[in-house]
1. Which of (1) modelled with pLDDT of 95 or more; (2) surrounded by 13 or more Cβ atoms within 10 Å (Cβ to Cβ); (3) among the charged types (D, E, K, R); (4) over 12 Å from the mean Cα position of the chain (by Cα) is the odd one out, the single condition GLU78 does not satisfy?
2. Looking only at region 2-13, how many residues end up being open to solvent by less than 80 Å² (accessible area, probe 1.4 Å), outside any strand (DSSP E or B) and closer than 18 Å to LEU56 by Cβ?
3. Can you find even one residue in region 52-69 that is more than 13 Å from the chain's Cα centre (by Cα) and either in a strand (DSSP E or B) or among the aromatic types (Phe, Trp, Tyr) (or both)?
4. Among residues belonging to region 14-57 that are open to solvent by less than 20 Å² (accessible area, probe 1.4 Å) and in contact (Cβ under 8 Å) with a residue 60 or more places away in the chain, point out the one that is farthest from ARG77 (Cα to Cα).
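The values are calculated or read from the model by the stated rules, or taken from the named source; none is laboratory data. Please read all numbers here as calculations on a predicted model, not as lab measurements. Don't worry about glycine lacking a Cβ; one is built from the backbone with ideal geometry, like all the others, and counts go over all protein chains shown. Please note that ligands, DNA and RNA were not included when accessible areas were found on the heavy atoms of the full protein model with its side chains. Shrake-Rupley method; radii C 1.70, N 1.55, O 1.52, S 1.80 Å.
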Amino acid sequence: MNVPLSIVNGGEAAIVENQGDHVVVRSSVASPPGSTLSMKHGELSVQVKVRGCKRLTEDRLPFRIEGRLVSFTRSAREALFGNESAS
């Protein structure tokens, strides 16, 4: 899975894993545990409450952020993940 996102405060990200409300995001910027990472997928707002963040590599998206989707509706999930939203 690779759902591209743009970070509201600048930067880029991608959702690489999705299990219900829990997601793993690769990001160009760090986000500390407890914070809310605000992103956009086109016009769709995506917010992730951060559980953990660690730097893995020196590539374009070096940070691995684990967290859960905040206030995410079923229609938003379908728009973001399509048929994979059932996982």
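1. It is condition (1) that GLU78 fails.
2. Final tally of qualifying residues: 1.
3. Looking for residues that are more than 13 Å from the chain's Cα centre (by Cα) and either in a strand (DSSP E or B) or among the aromatic types (Phe, Trp, Tyr) (or both), one finds at least one in region 52-69, hence yes.
4. Taking the candidates together, the pick is ILE15.
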